[in-house]
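Visitor: Sharing a structure with you now.
The values are calculated or read from the model by the stated rules, or taken from the named source; none is laboratory data. Since the model is a prediction, treat every value here as computed from it, not as a measurement. When we count neighbours, we look across all protein chains shown, and the Cβ atoms used for this are built from the backbone with ideal geometry, even at glycine. Heavy atoms of the whole protein, side chains included, go into the accessibility calculation; ligands, DNA and RNA do not. Shrake-Rupley method; radii C 1.70, N 1.55, O 1.52, S 1.80 Å.
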Amino acid sequence: MSAPSTVLADASIRVISEGQAPSGAYVASPNFSQYGFAWLRDGAYCALAMDAVGEQESAARFHRWATDVVLGERDQISRVVAALDRGDEVAPGMMLPTRYTLDGEREGVDPDDAWPNFQLDGYGTWLFALERHMGDASPDDATSEAVELAASYLAASWRMPCYDYWEEFGDRLHTSTLAAIAAGLRAAGRILGRGAFLEEAATIMEFVHRECVVDGAFVKGPDDPRVDASLLSLATPFQLVGVEDPLVRATVQRIRSELVSPTGGVRRYVGDTYFGGSPWLLLTAWLGWHLRIAGDDEGYLAARAWVEGHAGQSGWMAEQITDEPQDPASVAPWVERWGAAANPLLWSHAKYLLMESEVPA
Ligand code: BGC
């Protein structure tokens, strides 16, 4: 049963609001054992969504939290940037984490442990969302310093292999991660009026066009010719490449032919085994958001219907729906380990609101 969209939009705003801690951080999921932290990636999309639906105060609180987190990493960022500028090797355990406690603390993981925590995309997505939030406003001193720190960190480190959007393949570069970094550097360059960050963003995009395209479509990474649904970000929302660009059109075509489940939900990539590699609500909403901007109303409405049809009665949106797995044998092991897939997942709701909001890209 699908609920009317206004009910789901209200439910989405409520889930995101209730998942925002007093600190301003957005929890990834309030009740899934592994997701009680604040990821910069998830949080940045929640802030974008809250801005898009007129909840600017919520977005402002998130950005203040993220600004403080980055300022708290000042010394570590200086060390890493100095080492990379000297040409030294920097161990992944020295790099900033992808997620923090809701109070903005590190989790106390072993610094030598290169576990999925080293991911660069969240810092780029944060900068992108921050610029959207600020509009034409000038940054205050704390914001300027945090933007400068995050952008310097990304400019120095984007050539390092790190874990991807899905916290996997830590020994590779990833097109979607590079896109988030380029988008973040572009945003930082504009916020601070700094040409060097804009130039670095252009260099990254030249690399993406040179190394991350196979047969006329963007691929998961320089070493991985598969398509990944997160490649949508190149166009929506980052606008690094236009929605009408033949490369984007071919990438979306691959997503639609290779990653869409029999009933219309979008999976992450072929070969995914996390909870069966099932269709994700946020990816289906992301495709719908992109298609809506591209003027494909039929595709947008089909994606919206799938997402709305898979929301729970209470309006909650899960991470993924495990009744259409690409790898049926790998559903039960995850459920036995951690319980059913996260529900609600805040950034599923964020992507739904972005799809449904009037704001372009
Ligand atoms: C996903 C990440 C996400 C995290 C928290 C992971 O399973 O792969 O993209 O940031 O969950 O939602």
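Visitor: Among the helices (runs of 4 or more DSSP H) confined wholly to segment 247-361, which include 2 or more residues that are of a type outside the set (A, V, I, L, M, F, W, C) and open to solvent by 50 Å² or more (accessible area, probe 1.4 Å)?
Guide: Helices (runs of 4 or more DSSP H) meeting the threshold: 297-309, 332-338.
Visitor: If you check every pair at least six apart or on different chains, which have Cβ atoms under 6 Å apart with a residue in segment 15-34 that is touching a residue at least 60 places away in the same chain (Cβ under 8 Å) first and a residue that is open to solvent by 60 Å² or more (accessible area, probe 1.4 Å) and more than 13 Å from the ligand (Cβ to nearest atom) second?
Guide: Matching pairs, first to second residue: SER23/ASP103.
Visitor: Among the residues of segment 214-228, write down those that are over 20 Å from GLY184 (Cβ atoms), open to solvent by less than 40 Å² (accessible area, probe 1.4 Å) and of a type in the set (A, V, I, L, M, F, W, C).
Guide: Result: ALA217, VAL219, VAL227.
Visitor: Now for a separate question. Whether any residue in segment 46-64 is within 26 Å of PHE169 (Cβ to Cβ), within 12 Å of the ligand (Cβ to nearest atom) and not in a loop (DSSP other than H, G, I, E, B) is what I want to check.
Guide: Yes.
Visitor: With the condition kept exactly as written, say whether any residue in segment 225-245 is outside any loop (DSSP other than H, G, I, E, B), more than 16 Å from the ligand (Cβ to nearest atom) and farther than 21 Å from ARG41 by Cα.
Guide: No, that holds for no residue.
Visitor: Restricted to segment 5-23, and to residues that are under 18 Å from the mean Cα position of the chain (by Cα) and among the small types (Gly, Ala, Ser), which residue is nearest to the ligand (Cβ to nearest atom)?
Guide: Out of the qualifying residues, it is GLY19.
Visitor: Moving to a separate point now. So if I check each of ARG14, ARG64, ARG41, which one is closer than 18 Å to GLN320 by Cα and basic (Lys, Arg)?
Guide: ARG41
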